1. Pull out a ≥ b ≥ c, the square roots of the eigenvalues of the alpha-carbon gyration tensor of the stretch 6-74, then state rounded if a/c is under 1.5, prolate if not and a/b is larger than b/c, and oblate in the remaining case.
2. Total Lys pairs in the chain closer than 12 Å by alpha-carbon, pairs eight or more apart in sequence or interchain only?
Amino acid sequence: MALYSDKVMEHFLQPRNVGVIEDADGVGEVGNAKCGDIMKMYLKIDDDIITDVKFETFGCASAIASSSMATELIKGQPVED
């Protein structure tokens, strides 16, 4: 049995939306001291809609994959959600 699903491996090997938004409207950073993972996410917001999102993650396969997956879910959503 595989440790990670095919979808998780796809996002780990080919992550989406990696990078920095220099003029971001919002930046969040979170880390886990126990395992050493660190994730920074940048948001561009226009009329209360997240129009662009990028991330930088230092960590394991699941941390990178979940960051990539999150960006796909977040983009286009209202800030309120």
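No lab work stands behind these numbers, since they all come straight from the coordinates. Not measured: the values here are computed from a predicted model.
1. oblate
2. Working: 40/54; 44/54; 44/75; 54/75.
For the chain, qualifying lysine pairs total 4.
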